[in-house]
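These notes are about the structure you will find just below.
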Amino acid sequence: MTKIIAITNQKGGVGKTTTSVNLSSALAYMGHKVLLVDIDPQANATQGLGVDRTTLETTIYDALTRNIPFSEIIIDTNVPGLSIVPANIDLAGVEIELSQVKTGREQRLKKAMEGIKDRFDYILIDCPPALGLLNTNALTASDSVLIPVQCEYYALEGLTQLLNTILLTQSVFNEKLTIEGVLLTMLDSRTNLGVEVSQEVRKYFKEKVYDAVIPRNIKLSEAPSEGLNIFDYDAQSEGAKSYARLAKEVVKRNG
Ligand SMILES: Nc1ncnc2c1ncn2[C@@H]1O[C@H](COP(=O)(O)OP(=O)(O)OP(=O)(O)O)[C@@H](O)[C@H]1O
Ligand SMILES: [Mg+2]
(Lines give C-alpha, C1' and ligand atoms only; values in the text may rest on other atoms or scores of the structure.)
(Ligands and ions follow the chains in the order given, each with its own letter.)
Protein backbone atom coordinates (compact mmCIF):
# COMPACT_ATOMS: atom_id res chain seq x y z
CA MET A 1 0.00 0.00 0.00
CA THR A 2 1.26 3.44 -0.96
CA LYS A 3 1.10 6.12 1.69
CA ILE A 4 0.72 9.67 0.41
CA ILE A 5 1.67 12.39 2.89
CA ALA A 6 1.39 16.16 2.36
CA ILE A 7 3.96 18.19 4.29
CA THR A 8 1.99 21.33 4.93
CA ASN A 9 1.70 24.54 6.92
CA GLN A 10 0.71 27.83 5.32
CA LYS A 11 3.19 29.61 7.57
CA GLY A 12 6.43 30.26 5.71
CA GLY A 13 9.84 29.00 6.76
CA VAL A 14 8.76 26.43 9.35
CA GLY A 15 10.75 23.51 7.89
CA LYS A 16 8.38 21.98 5.32
CA THR A 17 11.02 21.63 2.62
CA THR A 18 13.81 20.58 4.99
CA THR A 19 11.48 17.88 6.29
CA SER A 20 10.32 16.81 2.81
CA VAL A 21 13.88 16.43 1.52
CA ASN A 22 15.34 14.72 4.57
CA LEU A 23 12.41 12.51 5.51
CA SER A 24 12.10 11.27 1.93
CA SER A 25 15.85 10.62 1.81
CA ALA A 26 15.78 8.81 5.16
CA LEU A 27 12.89 6.59 4.05
CA ALA A 28 14.74 5.77 0.81
CA TYR A 29 17.94 4.90 2.71
CA MET A 30 15.83 2.56 4.86
CA GLY A 31 15.01 0.68 1.65
CA HIS A 32 11.59 2.12 0.79
CA LYS A 33 10.64 3.30 -2.68
CA VAL A 34 9.94 7.01 -2.29
CA LEU A 35 8.65 9.82 -4.49
CA LEU A 36 8.95 13.46 -3.51
CA VAL A 37 6.48 15.76 -5.26
CA ASP A 38 7.46 19.42 -5.31
CA ILE A 39 4.31 21.52 -5.56
CA ASP A 40 5.86 24.81 -4.45
CA PRO A 41 6.72 27.45 -7.12
CA GLN A 42 9.84 28.28 -5.09
CA ALA A 43 11.08 24.79 -6.07
CA ASN A 44 13.26 24.57 -2.98
CA ALA A 45 12.89 20.80 -2.67
CA THR A 46 13.87 20.32 -6.31
CA GLN A 47 16.98 22.41 -5.79
CA GLY A 48 17.69 20.91 -2.38
CA LEU A 49 17.98 17.48 -3.96
CA GLY A 50 20.52 18.73 -6.46
CA VAL A 51 18.25 18.95 -9.51
CA ASP A 52 19.14 21.77 -11.88
CA ARG A 53 15.85 23.64 -12.31
CA THR A 54 16.96 25.42 -15.48
CA THR A 55 17.38 22.23 -17.52
CA LEU A 56 14.00 20.65 -16.77
CA GLU A 57 11.86 19.86 -19.80
CA THR A 58 8.74 18.89 -17.94
CA THR A 59 7.71 19.69 -14.39
CA ILE A 60 4.68 19.38 -12.17
CA TYR A 61 3.34 22.42 -13.97
CA ASP A 62 2.76 20.28 -17.07
CA ALA A 63 0.92 17.66 -15.03
CA LEU A 64 -1.40 20.23 -13.48
CA THR A 65 -2.12 22.27 -16.61
CA ARG A 66 -1.72 19.87 -19.57
CA ASN A 67 -2.51 16.48 -18.02
CA ILE A 68 1.00 15.21 -18.77
CA PRO A 69 1.31 11.94 -16.78
CA PHE A 70 3.78 11.77 -13.91
CA SER A 71 5.54 8.90 -15.69
CA GLU A 72 6.89 11.49 -18.16
CA ILE A 73 8.00 13.90 -15.46
CA ILE A 74 9.56 11.77 -12.73
CA ILE A 75 13.34 11.86 -12.50
CA ASP A 76 15.75 9.87 -10.35
CA THR A 77 17.79 11.63 -7.68
CA ASN A 78 21.28 10.76 -6.46
CA VAL A 79 19.68 8.91 -3.55
CA PRO A 80 18.95 5.28 -4.51
CA GLY A 81 15.21 4.64 -4.29
CA LEU A 82 14.26 8.32 -4.24
CA SER A 83 12.59 9.94 -7.26
CA ILE A 84 11.23 13.43 -7.64
CA VAL A 85 8.53 15.23 -9.56
CA PRO A 86 10.31 18.57 -9.89
CA ALA A 87 8.92 22.10 -9.92
CA ASN A 88 10.13 25.40 -11.28
CA ILE A 89 8.90 28.96 -11.30
CA ASP A 90 6.30 28.18 -14.03
CA LEU A 91 4.18 26.84 -11.21
CA ALA A 92 3.63 30.37 -9.92
CA GLY A 93 1.03 30.89 -12.68
CA VAL A 94 -1.00 27.80 -11.88
CA GLU A 95 -3.20 29.30 -9.19
CA ILE A 96 -4.52 31.84 -11.69
CA GLU A 97 -4.71 29.38 -14.61
CA LEU A 98 -6.66 26.82 -12.62
CA SER A 99 -8.99 29.41 -11.15
CA GLN A 100 -10.51 29.69 -14.66
CA VAL A 101 -11.26 25.96 -14.72
CA LYS A 102 -14.82 25.09 -13.71
CA THR A 103 -14.67 21.46 -12.65
CA GLY A 104 -12.01 19.11 -11.33
CA ARG A 105 -9.36 21.72 -10.68
CA GLU A 106 -8.82 20.42 -7.14
CA GLN A 107 -8.28 16.85 -8.40
CA ARG A 108 -5.52 17.52 -10.95
CA LEU A 109 -2.68 16.24 -8.77
CA LYS A 110 -4.63 13.18 -7.64
CA LYS A 111 -5.33 12.28 -11.28
CA ALA A 112 -1.73 12.85 -12.32
CA MET A 113 -0.51 10.46 -9.61
CA GLU A 114 -2.90 7.61 -10.37
CA GLY A 115 -0.76 5.83 -12.96
CA ILE A 116 2.46 5.77 -10.92
CA LYS A 117 1.23 5.58 -7.34
CA ASP A 118 1.74 1.82 -7.00
CA ARG A 119 5.44 2.08 -7.81
CA PHE A 120 6.12 3.69 -4.43
CA ASP A 121 5.82 2.91 -0.74
CA TYR A 122 5.75 6.58 0.25
CA ILE A 123 4.86 9.70 -1.70
CA LEU A 124 5.68 12.98 0.08
CA ILE A 125 4.35 16.32 -1.18
CA ASP A 126 6.23 19.52 -0.31
CA CYS A 127 3.53 22.22 -0.13
CA PRO A 128 3.86 25.98 -0.63
CA PRO A 129 3.29 28.42 2.26
CA ALA A 130 -0.26 29.31 1.22
CA LEU A 131 -3.73 27.80 1.50
CA GLY A 132 -4.54 28.13 -2.21
CA LEU A 133 -5.36 25.70 -4.99
CA LEU A 134 -1.91 24.08 -4.97
CA ASN A 135 -2.34 23.22 -1.31
CA THR A 136 -5.90 21.98 -1.94
CA ASN A 137 -4.60 19.77 -4.76
CA ALA A 138 -2.04 18.32 -2.34
CA LEU A 139 -4.59 17.67 0.41
CA THR A 140 -7.04 16.13 -2.06
CA ALA A 141 -4.38 13.74 -3.35
CA SER A 142 -3.09 12.69 0.08
CA ASP A 143 -3.91 10.12 2.72
CA SER A 144 -2.63 12.33 5.50
CA VAL A 145 -0.86 15.55 6.43
CA LEU A 146 2.37 16.02 8.33
CA ILE A 147 2.50 19.46 9.92
CA PRO A 148 5.90 20.93 10.82
CA VAL A 149 5.61 23.48 13.64
CA GLN A 150 8.51 25.78 14.35
CA CYS A 151 9.30 26.09 18.05
CA GLU A 152 9.05 29.87 18.04
CA TYR A 153 6.72 32.52 19.28
CA TYR A 154 3.50 32.62 17.19
CA ALA A 155 4.02 28.94 16.30
CA LEU A 156 0.40 28.05 16.97
CA GLU A 157 -0.90 31.08 15.17
CA GLY A 158 -2.51 30.05 11.90
CA LEU A 159 -2.86 26.40 12.90
CA THR A 160 -6.62 26.85 13.44
CA GLN A 161 -6.87 28.08 9.87
CA LEU A 162 -4.87 25.08 8.66
CA LEU A 163 -7.04 22.65 10.64
CA ASN A 164 -10.17 24.27 9.19
CA THR A 165 -8.75 23.84 5.69
CA ILE A 166 -8.09 20.17 6.45
CA LEU A 167 -11.70 19.74 7.70
CA LEU A 168 -13.06 21.48 4.64
CA THR A 169 -11.00 19.32 2.28
CA GLN A 170 -12.22 16.25 4.17
CA SER A 171 -15.84 17.18 3.77
CA VAL A 172 -15.69 18.26 0.12
CA PHE A 173 -12.87 16.42 -1.66
CA ASN A 174 -11.23 13.75 0.45
CA GLU A 175 -13.10 11.99 3.24
CA LYS A 176 -10.19 9.77 4.22
CA LEU A 177 -7.70 12.57 4.90
CA THR A 178 -6.14 12.28 8.37
CA ILE A 179 -3.44 13.99 10.39
CA GLU A 180 -0.31 11.89 10.04
CA GLY A 181 1.61 13.77 12.68
CA VAL A 182 2.89 17.07 14.01
CA LEU A 183 6.62 17.68 13.93
CA LEU A 184 8.40 20.14 16.21
CA THR A 185 11.16 21.85 14.21
CA MET A 186 14.09 24.19 14.85
CA LEU A 187 13.99 23.64 18.58
CA ASP A 188 16.60 25.58 20.51
CA SER A 189 16.48 23.72 23.82
CA ARG A 190 18.69 26.35 25.46
CA THR A 191 15.81 28.80 25.40
CA ASN A 192 12.72 28.65 27.60
CA LEU A 193 10.61 29.78 24.70
CA GLY A 194 11.41 26.75 22.55
CA VAL A 195 10.62 24.39 25.40
CA GLU A 196 7.39 26.24 26.30
CA VAL A 197 6.16 26.22 22.71
CA SER A 198 6.85 22.52 22.34
CA GLN A 199 4.92 21.81 25.56
CA GLU A 200 2.01 23.86 24.30
CA VAL A 201 1.97 22.04 20.96
CA ARG A 202 2.03 18.66 22.76
CA LYS A 203 -0.83 19.75 25.02
CA TYR A 204 -2.91 20.61 21.98
CA PHE A 205 -2.04 17.79 19.54
CA LYS A 206 -1.22 15.13 22.15
CA GLU A 207 -0.07 11.78 20.71
CA LYS A 208 -0.11 13.21 17.19
CA VAL A 209 3.18 14.96 18.00
CA TYR A 210 6.24 12.89 17.09
CA ASP A 211 8.67 11.97 19.85
CA ALA A 212 11.41 12.92 17.40
CA VAL A 213 12.10 16.65 17.58
CA ILE A 214 14.22 18.48 15.00
CA PRO A 215 16.75 20.74 16.72
CA ARG A 216 18.04 23.96 15.24
CA ASN A 217 21.13 22.66 13.46
CA ILE A 218 23.36 24.66 11.14
CA LYS A 219 24.15 21.60 9.01
CA LEU A 220 20.48 21.33 8.04
CA SER A 221 20.57 24.85 6.64
CA GLU A 222 23.90 24.33 4.83
CA ALA A 223 23.07 21.05 3.06
CA PRO A 224 20.63 22.46 0.43
CA SER A 225 23.22 24.84 -1.01
CA GLU A 226 25.28 21.75 -1.91
CA GLY A 227 22.20 20.05 -3.36
CA LEU A 228 22.50 17.36 -0.70
CA ASN A 229 20.24 15.79 1.87
CA ILE A 230 21.54 15.83 5.44
CA PHE A 231 22.71 12.19 5.38
CA ASP A 232 25.03 12.81 2.45
CA TYR A 233 26.09 16.21 3.75
CA ASP A 234 26.85 15.26 7.37
CA ALA A 235 25.56 11.91 8.57
CA GLN A 236 26.90 12.50 12.09
CA SER A 237 25.09 15.80 12.61
CA GLU A 238 22.25 16.18 15.10
CA GLY A 239 20.05 17.11 12.15
CA ALA A 240 20.73 13.77 10.45
CA LYS A 241 20.12 11.83 13.66
CA SER A 242 16.83 13.59 14.32
CA TYR A 243 15.49 13.04 10.79
CA ALA A 244 16.52 9.37 10.99
CA ARG A 245 14.51 9.08 14.23
CA LEU A 246 11.53 10.75 12.56
CA ALA A 247 11.66 8.33 9.62
CA LYS A 248 11.62 5.35 11.97
CA GLU A 249 8.61 6.78 13.78
CA VAL A 250 6.76 7.43 10.53
CA VAL A 251 7.35 3.83 9.43
CA LYS A 252 6.29 2.51 12.83
CA ARG A 253 3.02 4.49 12.79
CA ASN A 254 2.28 3.03 9.37
CA GLY A 255 2.76 -0.52 10.58
N1 LIG B 1 16.25 22.39 11.98
C2 LIG B 1 16.79 23.43 11.34
N3 LIG B 1 17.90 24.03 11.80
C4 LIG B 1 18.43 25.09 11.17
N5 LIG B 1 17.93 25.65 10.05
C6 LIG B 1 16.82 25.10 9.53
C7 LIG B 1 16.19 23.97 10.13
N8 LIG B 1 15.09 23.65 9.41
C9 LIG B 1 15.04 24.52 8.40
N10 LIG B 1 16.07 25.42 8.46
C11 LIG B 1 16.32 26.55 7.56
O12 LIG B 1 15.27 27.47 7.74
C13 LIG B 1 14.82 27.97 6.49
C14 LIG B 1 13.36 27.58 6.25
O15 LIG B 1 13.27 26.17 6.19
P16 LIG B 1 12.43 25.46 5.04
O17 LIG B 1 12.78 26.00 3.71
O18 LIG B 1 12.53 24.00 5.24
O19 LIG B 1 10.96 25.96 5.44
P20 LIG B 1 9.65 25.92 4.57
O21 LIG B 1 8.52 25.76 5.52
O22 LIG B 1 9.75 24.93 3.49
O23 LIG B 1 9.65 27.38 3.93
P24 LIG B 1 8.61 27.92 2.82
O25 LIG B 1 7.36 28.18 3.59
O26 LIG B 1 9.24 29.15 2.28
O27 LIG B 1 8.44 26.84 1.81
C28 LIG B 1 15.77 27.41 5.44
O29 LIG B 1 16.81 28.32 5.23
C30 LIG B 1 16.28 26.14 6.10
O31 LIG B 1 17.59 25.79 5.63
MG1 LIG C 1 9.44 25.17 1.40
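The values are calculated or read from the model by the stated rules, or taken from the named source; none is laboratory data. Just so we're clear, the structure is a prediction, and the values are computed from it rather than from any experiment. Note that each Cβ is placed from the backbone with ideal geometry, even for glycine, and that neighbours are counted across all protein chains shown.
Of all residues being of a type in the set (Ser, Thr, Tyr), surrounded by 16 or more Cβ atoms within 10 Å (Cβ to Cβ) and in contact (Cβ under 8 Å) with a residue 24 or more places away in the chain in segment 200-255, which is nearest to THR46 (Cα to Cα)? Just the residue, please. Once the filter is applied, the top-ranked residue is TYR243. Pairs please, first residue from segment 126-142 and over 19 Å from GLU157 (Cβ atoms), second anywhere and within 12 Å of ligand 2 (Cβ to nearest atom) and among the charged types (D, E, K, R), Cβ atoms under 8 Å, 6+ apart in sequence or on different chains. Hits for this filter: ASP126/LYS16; ASP126/ASP38; ASP126/ASP40; LEU134/ASP40. Please go through segment 1-55 and give me each residue that is within 17 Å of PRO86 (Cα to Cα), buried (at least 22 other Cβ atoms within 10 Å of the Cβ), near ligand 1 (Cβ under 8 Å from one of its atoms) and polar (S, T, N, Q), ordered by number. Those that are within 17 Å of PRO86 (Cα to Cα), buried (at least 22 other Cβ atoms within 10 Å of the Cβ), near ligand 1 (Cβ under 8 Å from one of its atoms) and polar (S, T, N, Q): THR17, THR18, THR19, SER20. Per the listing LEU146, LEU131, LEU98, the residue uniquely modelled with pLDDT under 95, surrounded by 18 or more Cβ atoms within 10 Å (Cβ to Cβ) and within 16 Å of ligand 2 (Cβ to nearest atom) is LEU131.
Here ASP232, ASP211 are screened, and the one residue that is out of contact with any strand residue (DSSP E or B) (no Cβ under 9 Å at 6 or more places or on another chain), at pLDDT 95 or above and over 21 Å from LEU146 (Cα atoms) is ASP232. Please verify whether ILE123 is under 22 Å from GLY255 (Cβ atoms) and among the aliphatic types (A, V, I, L, M), treating the condition exactly as stated. So ILE123 passes the test. LYS176 meets all of the listed conditions (1) in contact with an Asp or Glu (Cβ under 8 Å, 6 or more places away or on another chain); (2) outside any loop (DSSP other than H, G, I, E, B); (3) away from ligand 1 (no atom under 12 Å from the Cβ) but one, namely (2).
From the list THR169, THR185, THR178, the one residue that fits, being of a type in the set (Ser, Thr, Tyr), under 16 Å from ILE5 (Cα atoms) and buried (at least 16 other Cβ atoms within 10 Å of the Cβ), is THR169.
Being closer than 19 Å to SER142 by Cα, within 16 Å of ligand 2 (Cβ to nearest atom), in contact with a Leu (Cβ under 7 Å, 6 or more places away or on another chain) and at pLDDT 95 or above, is that true of even one residue in segment 48-60? Taking every residue of segment 48-60 in turn, at least one turns out to be closer than 19 Å to SER142 by Cα, within 16 Å of ligand 2 (Cβ to nearest atom), in contact with a Leu (Cβ under 7 Å, 6 or more places away or on another chain) and at pLDDT 95 or above. Which members of segment 43-99 meet the condition of being touching a residue at least 60 places away in the same chain (Cβ under 8 Å) and at positive phi? GLY50 - this is the single residue of segment 43-99 that is touching a residue at least 60 places away in the same chain (Cβ under 8 Å) and at positive phi.
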